[in-house]
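Below is one structure; the comments refer to it alone.
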Amino acid sequence: MEIRTAKYVISSPSYKDCPETDLPEYAFIGRSNVGKSSLINMLTDIDKLAKTSAAPGKTQLINHFTIESIDEKRVASKWWLVDLPGYGFAKVSLSQRKKWETMIEEFLKKRETLAHVFLLIDSRHEPQKLDLDFADRLGKWEIPFTLIFTKSDKENQRTVSANVKSFLKKMSEHWQFLPRHFVTSAEKKTGRADILQLIGEMNEDWKNA
């Protein structure tokens with residue numbers, strides 16, 4: 001799949017304020033310092049589409065980007081990329097954090113056009129409880145998701161491989177079937193083709209549903 005255009009449309013404080021659509025939405029979420037904006041920019045091949053920041057917690061609303069793509073048969077598709085606020089370490093008040101959590105939960109549970117969630121995990125670190133808990137939450141809510149391990153170029157490959165294996169092992173303690181996963185690097189564009197191919201396949205499933 002090849003992305004032809006990617007444009008920012010709107011930032012919404014609630015799922016009720018999000019654009020009305022019948023097109024599939026693919027939401028990206030992870031800890032607030034996981035490299036989400038860099039990954040989105042890498043996938044769309046637009047450097048400043050999603051705003052990156054050295055300070056965690058830059059994304060505070062539900063951000064919608066409209067995407068036009070074509071598959072290997074040159075068939076065009078339109079879909080939405082949704083950038084959700086990060087969870088975890090952003091320096092905000094408890095009340096603001098609760099507000100974000102409610103906003104995210106309602107979007108994930110109530111948004112009828114949500115096709116899939118990509119849960120981002122920092123591959124430089126050993127399994128973090130925050131990430132494992134969020135994966136469990138998605139499972140409890142019966143929301144289909146894929147794991148994306150980010151920043152694989154920031155650490156040696158033996159450590160990255162060990163951390164990925166350890167995370168999946170932790171999940172397997174109470175998951176019968178593990179979700180798909182990809183290991184990525186925004187700088188080297190590792191994993192880009194695989195993720196876009198998966199989205200292309202899901203677009204086809206959405207059309208045929």
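In region 182-209, which residue that is within 14 Å of the chain's Cα centre (by Cα) and of a type in the set (A, V, I, L, M, F, W, C) is farthest from residue 79 (Cα to Cα)?
Restricting to residues being within 14 Å of the chain's Cα centre (by Cα) and of a type in the set (A, V, I, L, M, F, W, C), the top hit is 183.
Which one of 162, 186 is aliphatic (A, V, I, L, M) and more than 28 Å from residue 18 (Cβ to Cβ)?
162
Looking for something free of Cβ contacts under 8 Å to residues at least 12 places away in the same chain and charged (D, E, K, R) - is there at least one such residue anywhere in region 179-187?
There is no residue in region 179-187 that is free of Cβ contacts under 8 Å to residues at least 12 places away in the same chain and charged (D, E, K, R).
Which one of 115, 186, 162, 193 is touching a helix residue (DSSP H, G or I) at 6+ places or on another chain (Cβ under 7 Å), more than 17 Å from residue 24 (Cβ to Cβ) and of a type in the set (Gly, Ala, Ser)?
On the way: 115 fails: more than 17 Å from residue 24 (Cβ to Cβ); 162 fails: touching a helix residue (DSSP H, G or I) at 6+ places or on another chain (Cβ under 7 Å); 193 fails: touching a helix residue (DSSP H, G or I) at 6+ places or on another chain (Cβ under 7 Å).
From the options 115, 186, 162, 193, the qualifying one is 186.
Go through region 17-49 and count every residue that is among the basic types (Lys, Arg) and touching a residue at least 12 places away in the same chain (Cβ under 8 Å).
2
What residue, of 149, 107, 118, 145, is aromatic (Phe, Trp, Tyr), farther than 23 Å from residue 19 by Cβ and under 16 Å from the mean Cα position of the chain (by Cα)?
The unique qualifying residue is 149.
I'd like the full set of residues that are part of a loop (DSSP other than H, G, I, E, B), farther than 12 Å from residue 85 by Cα and within 15 Å of the chain's Cα centre (by Cα), limited to region 1-34.
Of everything in region 1-34, just one residue is part of a loop (DSSP other than H, G, I, E, B), farther than 12 Å from residue 85 by Cα and within 15 Å of the chain's Cα centre (by Cα), namely 24.
Pairs only if they're at least six apart or on different chains, beta carbon under 7 angstrom, first in region 115-133 and within 19 Å of residue 159 (Cα to Cα), second part of a helix (DSSP H, G or I) and small (Gly, Ala, Ser); list them, first residue then second.
Final answer for the pair search is 123/152; 126/166; 127/166.
For residues that are under 17 Å from residue 64 (Cα atoms) and part of a strand (DSSP E or B), tally how many sit in region 76-94.
The qualifying residues number 7.
Search region 92-112 for residues that are over 16 Å from residue 29 (Cα atoms) and exposed (fewer than 13 other Cβ atoms within 10 Å of the Cβ) and pair each with any residue that is at pLDDT 85 or above and not hydroxyl-bearing (Ser, Thr, Tyr) when their beta-carbon atoms are under 9 Å apart and the residues are at least 6 apart or on different chains.
110/16
Within region 35-54, restricting attention to residues that are in contact with a Ser or Thr (Cβ under 8 Å, 6 or more places away or on another chain), part of a loop (DSSP other than H, G, I, E, B) and on the phi < 0 side of the Ramachandran plot, which residue is modelled with the highest pLDDT? Working first, answer last.
Here is the first cut: in region 35-54, the ones in contact with a Ser or Thr (Cβ under 8 Å, 6 or more places away or on another chain) are 35-39, 41-42, 50-53.
With the extra rule that they be part of a loop (DSSP other than H, G, I, E, B), the set shrinks to 35, 50-53.
Subset that is on the phi < 0 side of the Ramachandran plot: 50-53.
Working: 50: 85, 51: 75, 52: 58, 53: 49.
The qualifying residue modelled with the highest pLDDT is 50.
Would you confirm whether any residue within region 15-26 is surrounded by 15 or more Cβ atoms within 10 Å (Cβ to Cβ) and either more than 27 Å from residue 205 (Cα to Cα) or modelled with pLDDT under 90 (or both)?
no
The values are calculated or read from the model by the stated rules, or taken from the named source; none is laboratory data. All figures in this text were calculated on a predicted structure; none of them were measured in a lab. Ideal geometry is used to build each Cβ from the backbone, glycine not excepted, and the neighbour counts take in all protein chains shown.
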